[in-house]
Amino acid sequence: MVPAFSKAEYDDRLRRVRHVMRDRGLDAIIIGDPSNINWLCGYDAWSFYTPQMMLVDLDHGPFWMGREMDAGAARFTSYLTADQIIPYPETLVQRPDTHPAVFLADWMTKAGFANAKIGYESDVYYLSPRALAGLQDGMPKAVWVDADLLVNWVRLVKSDAEIAVMREAARIAEIAMQTAWDGARPGVRQCDLMADVMAAQIRGTPEFGGGQTAIHPLILAGEAASTAHPLWNDSVLEEGQTVAFELGGCRKRYNVGLARTVHLGTPSQQLQETAKAVEEGMHAVMVALRADVFAGDVHAAWQNVLDRYGLEKKSRIGYSIGAAYAPDWGEHTLSFRPDEKVPVPENAVVHIILGMWMDGWGMELSETLHVTKTGCDKLADFPQHVHLVQR
């Protein structure tokens, strides 16, 4: 195996991160988010359920730090050299009396970071309080600084190589959604349909395969359609149900989201009116979205449509998306919500998801969009209308 991108691509990412580090006066940063580790060096393995970190300094790294049995993955999925791979012994895994962070703090001290100003990710699923405490207790003379989302904000602007991979992920998303549309019928169990969807996501195309999306496929059917993130079950789809699918495609860890709605039978007037509003709203968002526009102004374009129809949606309508592992494919940076005064940069990729969760039913429509200087481009090509399945 080889890393997903060229060494020059990873070098440029590292250069951009180090530029921000220097601006903040940081000597190093500890990264716990596996998507950020992957983005910086290509490392790709399901190993983040035990302590795993990356140390980025200004001159010699980055350094992958993880379980000894996972060091092999660092050798064949990343560009890292042997001296940039720092494994901790298997004897430190899940013990009550010690922690791998103690070992890593000792290594960092010997490597010259004892008195460094070190940033860390403070709000990440995978860097536990115990791990951070182990580092800080082991390096009491270091200055520890909250540098949460530093890497994430650098990731917001995508390279041409990243966008090309996300276009491949979009092809997979199209296939997955077509599988959902073709298989949604009264009497079909949710679990059987979603098994077919997941197989399609992994099989990909004849030219390239897919991976596991960071958000597993969601199906919103029956009573569960009135909320945003239900899991499938073994109940059957029923005549008269509106069924929303939030799916996606994953290629080389890059995720593209795609949500669509199916109705089994004759649609109600309420569904038709809501679908009309949502489709108009998506068009308004896409007209408004371009480089340097405020995220809040994009939301306002959507809100103007909702106001005309007398509808309400309290949640945000989108976010930046890219490389990710479970449980989330969002980058935790850009959000589209009222009065958000953050400009959308050129070459951001965002997932605009217009979910309407009503009393006892719901529907969704989403697009993953590449932001350009003059507008935006859909990565996936799939019909936006509510798909009617009628006998």
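The values are calculated or read from the model by the stated rules, or taken from the named source; none is laboratory data. Nothing here was measured: the structure is a model prediction, and the numbers come from that model. We place every Cβ from the backbone using ideal geometry, glycine too, and count neighbours over all the protein chains shown. Protein only, heavy atoms only, side chains kept; ligands, DNA and RNA dropped before computing areas. Shrake-Rupley method; radii C 1.70, N 1.55, O 1.52, S 1.80 Å.
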task = For the chain, report the accessible area per residue in Å² (1.4 Å probe, heavy atoms, rounded to an integer).
result = 42
remark   = residue 147 neighbourhood, Cβ < 15 Å, K/R = +1, D/E = -1, net charge -2
0 to 90° range, to nearest 10: angle between helix 295-309 axis and the chain longest Cα axis = 20
ask   = Reported to two decimal places, what Rg/Rh ratio describes segment 166-290 when computed on Cα atoms with Rh from the Kirkwood expression?
value = 0.99
request  = Taking 7 Å along the Cα-to-C-beta vector as the label spot, tell me the residue 114-residue 60 distance in nanometres, rounded to one decimal.
outcome  = 1.5
ask   = Using Cα atoms only, what is the angle between the long axis of helix 129-138 and the major principal axis of the chain, expressed in degrees (0 to 90) to the nearest 10?
value = 20
query = When Lys and Arg each count +1 and Asp and Glu each count -1, what net charge do the other residues less than 13 Å away from residue 207, Cβ to Cβ, add up to?
reply = +3
Hydrodynamic radius (Kirkwood) for segment 269-391, which is based on Cα pairs only, to one decimal in Å = 15.0
message = Show me, for segment 142-153, the HN-Hα J-couplings you get by feeding each phi into the Karplus relation (A = 6.51, B = -1.76, C = 1.60, θ = phi - 60°), rounded to Hz, glycine and proline as x.
response = 6, 9, 9, 10, 5, 10, 4, 6, 4, 5, 4, 5
key: Cα long-axis angle, helix 7-23 against the chain (0 to 90 degrees, to the nearest 10)   = 80
Of 382, 128, 305, farthest towards positive along the dipole that unit charges on Lys, Arg, Asp, Glu beta carbons give the chain = 128
task = Evaluate the relative contact order of segment 45-114 (contact order divided by residue number), counting alpha-carbon pairs under 8 angstrom at least 6 apart; express in whole percent.
result = 25
ask   = What FRET efficiency comes out for the pair residue 94/residue 293, r = Cβ-Cβ distance, R0 = 51 Å, nearest 0.05?
value = 0.60
inquiry  = Can you give the log10 of the normalised intensity I(q)/I(0) at q = 0.06, 0.07, 0.12, 0.14 Å⁻¹, computed with Debye over equal Cα scatterers of the chain?
reply    = -0.26, -0.36, -0.95, -1.17
key: Sparsely packed trypsin sites (Lys or Arg not before Pro) within segment 71-164, loop by DSSP, other Cβ within 10 Å at most 10   = 141
query = Taking every DSSP beta bridge that has both residues in the chain, what percent is antiparallel when rounded to the nearest 5?
reply = 75
request  = Give the carbon-plus-sulfur fraction of the accessible surface of the chain in %, rounded to a whole number; probe 1.4 Å, heavy atoms of protein chains only.
outcome  = 51
request  = List nothing, just return the count: lysine pairs in the chain, 8 or more apart or interchain, with Cα separation under 17 Å.
outcome  = 8
remark   = Residue span residue 203 to residue 83: 0.36 nm per residue of separation minus Cα-Cα distance leaves a gain in nm of 39.6 nm
task = Quick one: net charge around residue 115, please, counting Lys, Arg +1 and Asp, Glu -1 for every other residue with C-beta under 11 Å from its C-beta.
result = +1
request  = Label segment 1-135 by shape, choosing from rounded, prolate and oblate, from the square roots a ≥ b ≥ c of the eigenvalues of the Cα gyration tensor; if a/c is under 1.5 it is rounded, and otherwise prolate applies when a/b is larger than b/c, oblate when it is not.
outcome  = oblate
